[in-house]
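A.B. asks: Mind looking over this structure? Questions follow.
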Amino acid sequence: MAIELELTPLNVIAASFGTFLLAYGALSHFIKERLYLGEAPFALLFGIALQHYGVPGELKGAPGHGADPLDAFGLGLSRFIIGTQLVLVGVQLPYKYPKTEWRSLAVLLLPVMTLMWGMTTLVTWLALPDVPVLVALVIAAAVTPTDPVLSSAIVKGSFADQYVSPRIRNLISAESGANDGFALPFMFIAASLLKEETPAAALKSWVLETCLWSVFGSVVFGAALGYGANRLLQLAADKHLIDKESFLLYAVALGVLIVGLGGILATDDLLACFVAGNALTWDDWYRRETEEDELQNVTDLICNSVFFTFVGVTVPWSAFNDPALGLTYGNLTLLCVGVLFLRRVPAMMLFYRAIPQIADSGEALFMGWMAPIGAGSIFYTFLILEEFKAESENADDLRIRALVKPVIYALVLSSIVAHTLMVPVIKLGFEWLGIDSIKMYEPAPGEGSLAGGNESIEQAEDDAYEAGAGPAPGSHHAGSRLSQLSEGAQQRAVEEHGAYLSSGKYDPHPSWRISSGHKLGPHVVTRGHDGTDVQQHDFQPSAWQRNRMSRASRGSLRGAPRGADYGSLEQGGGGGGH
């Protein structure tokens with residue numbers, strides 16, 4: 001009897017994606033902790049392999065010349081994936097971070113983004129022949145924001161723990177979370193100029209519909225929903241109405257709600273998601289109560305894997321070489337190299353002195369280079385395809401549709417190579433040169449920890465990390481830390497973290513008991529620009545931190561003035577020092 005294979009799209013996708021998760025999961029600790037890579041580049045490569053071997057043609061997508069049902073699916077998928085993750089980015093930021101660091105964020109989101117948009121437009125206009133300026137402006141807007149998904153390799157991984165200041169990591173994460181939504185005005189000012197009959201009408205439409213309703217309205221909308229969700233959650237917790245699973249899932253549910261309502265109201269739902277995440281944990285309560293649970297990291301893993309597999313499946317390879325449109329491998333290579341070097345580095349070097357959290361040109365150069373192009377740009381690609389219809393008779397509209405997919409996908413691929421896959425290469429270079437850290441300042445004496453002198457080495461290292469003065473404790477520290485403990489402490493550590501293998505052998509350091517979801521940065525210690533101590537009114541220690549702080553250390557938190565920022569203790573002061 002012959003067996004007929006049911007190679008339906010659903011069966012192929014389910015089997016393929018399950019295979020990827022199993023294979024990647026089996027090696028995940030090694031990949032993240034030793035290769036310093038996340039799941040995104042591997043999911044992308046897996047999607048590319050699927051495109052060539054196994055996925056039906058209708059799931060591969062097509063260049064933007066004509067209407068493609070997969071474009072609408074891609075827009076919806078990117079909205080939900082990015083929206084959910086932006087809520088989590090907002091939740092994970094330190095206490096009242098946007099308020100405390102509003103000056104730094106304002107510079108990054110206004111003049112820096114504007115110059116990034118302008119430089120990308122210039123490179124696009126020069127690299128691609130006969131492209132009108134307005135067309136280049138629309139395409140450049142899609143790659144102006146930095147990507148919060150790919151940024152995780154920079155701000156959360158083992159590489160970041162060892163080399164990158166928590167002060168810079170927090171700033172990168174906050175900026176990448178906010179600027180996905182802030183790119184909307186850049187895209188629609190050019191779109192309005194193309195669609196409206198007069199510049200005055202275009203400006204009116206842009207100010208009223210885009211800036212006031214979509215952007216400002218989304219900030220109000222997100223803040224209101226986030227604050228309301230916070231109050232509802234606290235009420236449910238006080239009345240003992242909510243269980244642990246629902247409590248942990250609350251931020252994800254909030255993201256799904258905002259994406260749906262934001263779509264109904266035609267607001268900037270991505271910006272609303274980021275604002276709502278901040279509002280949900282504005283009092284730092286929800287973040288403190290969920291920071292030791294791994295649901296957010298599991299959500300990130302699944303979302304990143306799904307999205308970048310989709311990106312890999314839909315790469316428009318055939319459109320990369322279309323001389324009729326001015327697209328050749330040479331032109332795209334020139335475009336990618338130009339964008340990587342000129343998109344952000346000049347803007348950061350020009351404005352870093354106005355950013356309090358950046359101490360010097362070295363940190364500005366690091367932030368200028370480590371600005372990946374990823375999920376947000378894919379979202380704007382599909383948004384542009386929705387805005388400029390295939391049925392349009394306008395030549396510029398059709399030119400945008402023809403160029404946006406190959407150009408943006410090429411830039412995303414180049415960014416993954418330059419920003420994500422280069423992390424292990426940079427790590428090897430640092431080891432070769434003997435560079436221990438790119439932090440610009442060393443901790444001041446006595447500032448390493450809030451812990452008392454009688455606490456264990458492990459607790460002291462945990463506290464130092466919370467203060468921003470040391471690396472995150474991880475598996476690569478376990479052996480050396482364990483050897484420094486007393487015999488009794490070693491036994492307790494083994495009993496707490498060890499596990500039995502399937503063979504029955506006891507393993508004191510099982511990798512699968514160690515989370516690779518590193519903390520973003522210090523959430524406990526803040527320090528003023530004048531070097532004063534921690535703010536009492538802004539200090540909300542979590543339960544585990546309260547239990548470990550001595551009465552003397554708690555007393556030292558009093559008397560700090562307002563205006564402190566989240567500059568980590570490794571710099572001995574705030575974010576100034578220019």
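The values are calculated or read from the model by the stated rules, or taken from the named source; none is laboratory data. This structure is a prediction, so every number in the text was calculated from the model and none was measured. Counting neighbours? That spans all protein chains shown, and the Cβs are built from the backbone with ideal geometry, glycine included.
A.B. asks: Suppose we filter Leu248, Leu301 for residues that are surrounded by 16 or more Cβ atoms within 10 Å (Cβ to Cβ) and either hydroxyl-bearing (Ser, Thr, Tyr) or touching a helix residue (DSSP H, G or I) at 6+ places or on another chain (Cβ under 6 Å) (or both); which single one remains?
C.D. replies: The match here is Leu248.
A.B. asks: Further question on the same structure: Within segment 177-184, can one find any residue that is at pLDDT below 95 and outside any helix (DSSP H, G or I)?
C.D. replies: The answer is yes, given that some residue of segment 177-184 is at pLDDT below 95 and outside any helix (DSSP H, G or I).
A.B. asks: Are there helices (runs of 4 or more DSSP H) fully within segment 295-412 with at least 2 residues that are among the hydroxyl-bearing types (Ser, Thr, Tyr) and in contact (Cβ under 8 Å) with a residue 60 or more places away in the chain? List them. Spell out how you get there, then give the answer.
C.D. replies: Values: elements: 295-313, 329-342, 345-351, 361-369, 375-387.
Output list reads 295-313, 375-387.
A.B. asks: Within segment 258-293, count every residue that is touching a helix residue (DSSP H, G or I) at 6+ places or on another chain (Cβ under 9 Å) and either hydroxyl-bearing (Ser, Thr, Tyr) or more than 26 Å from Val215 (Cβ to Cβ) (or both). Even if it seems obvious, please write down each step before you answer.
C.D. replies: If we filter segment 258-293 for residues that are touching a helix residue (DSSP H, G or I) at 6+ places or on another chain (Cβ under 9 Å), which is where we start, we get 258-263, 265-283, 285-293.
This time we only want the ones that are either hydroxyl-bearing (Ser, Thr, Tyr) or more than 26 Å from Val215 (Cβ to Cβ) (or both), so: 267, 281, 285-286, 288-293.
Number satisfying all stated conditions: 10.
A.B. asks: Ok, one more. When you go through Ser165, Ser176 one by one, which is the residue that is assigned by TED's automatic domain parsing to the domain that holds Ile139 and touching a helix residue (DSSP H, G or I) at 6+ places or on another chain (Cβ under 7 Å)? Reasoning before the result, please.
C.D. replies: Details: Ser176 fails: touching a helix residue (DSSP H, G or I) at 6+ places or on another chain (Cβ under 7 Å).
Of the residues listed, the single one that is assigned by TED's automatic domain parsing to the domain that holds Ile139 and touching a helix residue (DSSP H, G or I) at 6+ places or on another chain (Cβ under 7 Å) is Ser165.
A.B. asks: OK, next. Go through (1) modelled with pLDDT under 80; (2) touching an Asp or Glu at 6+ places or on another chain (Cβ under 7 Å) one by one and return the number of the condition Phe388 breaks.
C.D. replies: That leaves (1) as the condition not met.
A.B. asks: Moving to a separate point now. Show the residue pairs that are 6+ apart or on different chains and have beta-carbon atoms under 6 Å apart, the first residue being within segment 228-239 and without any contact (Cβ under 8 Å) to a residue 24 or more places away in the chain, the second being surrounded by 11 or more Cβ atoms within 10 Å (Cβ to Cβ).
C.D. replies: If the second residue must be surrounded by 11 or more Cβ atoms within 10 Å (Cβ to Cβ), the pairs left are Ala236/Ile242.
A.B. asks: Next question, about the same structure. Return the pair list, or none, for Cβ contacts closer than 6 Å from residues in segment 259-275 that are within 21 Å of Gln92 (Cα to Cα) and assigned by TED's automatic domain parsing to the domain that holds Lys99 to residues that are assigned to a helix (DSSP H, G or I) and among the charged types (D, E, K, R), at least 6 apart or on different chains.
C.D. replies: Going by the 6 Å Cβ cut-off, the qualifying pairs are Val259/Arg79; Val259/Asp269; Leu270/Asp180.
A.B. asks: It is to be established whether one or more residues within segment 232-242 are modelled with pLDDT of 95 or more, closer than 30 Å to Glu292 by Cα and not aromatic (Phe, Trp, Tyr). Don't jump to the end; show me each part of the working.
C.D. replies: Step one: filter segment 232-242 for residues modelled with pLDDT of 95 or more, giving 232.
Retained after the next criterion (residues that are closer than 30 Å to Glu292 by Cα): 232.
Restricting the remaining residues to those that are not aromatic (Phe, Trp, Tyr) gives 232.
Yes, the conditions are met somewhere in segment 232-242.
A.B. asks: For Glu245, indicate whether it is acidic (Asp, Glu) and either more than 15 Å from Thr290 (Cα to Cα) or not in a helix (DSSP H, G or I) (or both).
C.D. replies: It is false that Glu245 is acidic (Asp, Glu) and either more than 15 Å from Thr290 (Cα to Cα) or not in a helix (DSSP H, G or I) (or both).
A.B. asks: Within the set of pairs 6 or more residues apart or between chains, which connect a residue that is assigned by TED's automatic domain parsing to the domain that holds Leu150 and more than 20 Å from His419 (Cα to Cα) inside segment 22-40 to a residue that is at pLDDT 85 or above and of a type in the set (D, E, K, R) with Cβ atoms less than 9 Å apart?
C.D. replies: Close Cβ pairs satisfying both conditions: Tyr24/Glu39.
A.B. asks: Right, next: Looking at segment 76-144, what helices (runs of 4 or more DSSP H) fall wholly within it and have at least 2 residues that are modelled with pLDDT of 95 or more, farther than 28 Å from Gly262 by Cα and out of contact with any helix residue (DSSP H, G or I) (no Cβ under 6 Å at 6 or more places or on another chain)? Don't jump to the end; show me each part of the working.
C.D. replies: Working: elements: 97-100, 102-107, 113-127, 133-142.
Correct list: 113-127.
A.B. asks: Go through segment 384-403 and give me each residue that's of a type outside the set (Asp, Glu) and surrounded by fewer than 24 Cβ atoms within 10 Å (Cβ to Cβ).
C.D. replies: Within segment 384-403, Leu385, Phe388, Lys389, Ala390, Ser392, Asn394, Ala395, Leu398, Arg399, Arg401, Ala402 qualify.
A.B. asks: Could you tell me how many of the residues in segment 1-44 are of a type in the set (A, V, I, L, M) and exposed (fewer than 15 other Cβ atoms within 10 Å of the Cβ)? Don't jump to the end; show me each part of the working.
C.D. replies: Of segment 1-44, the ones of a type in the set (A, V, I, L, M) are 1-3, 5, 7, 10, 12-15, 21-23, 26-27, 31, 35, 37, 40, 43-44.
With the extra rule that they be exposed (fewer than 15 other Cβ atoms within 10 Å of the Cβ), the set shrinks to 1-3, 5, 7, 10, 14-15, 22-23, 26-27.
Qualifying residue count for the region: 12.
A.B. asks: Quick one: in segment 62-112, of everything that is in contact (Cβ under 8 Å) with a residue 60 or more places away in the chain and among the basic types (Lys, Arg), which residue is surrounded by the most Cβ atoms within 10 Å (Cβ to Cβ)?
C.D. replies: Applying the filter and picking the extreme gives Arg79.
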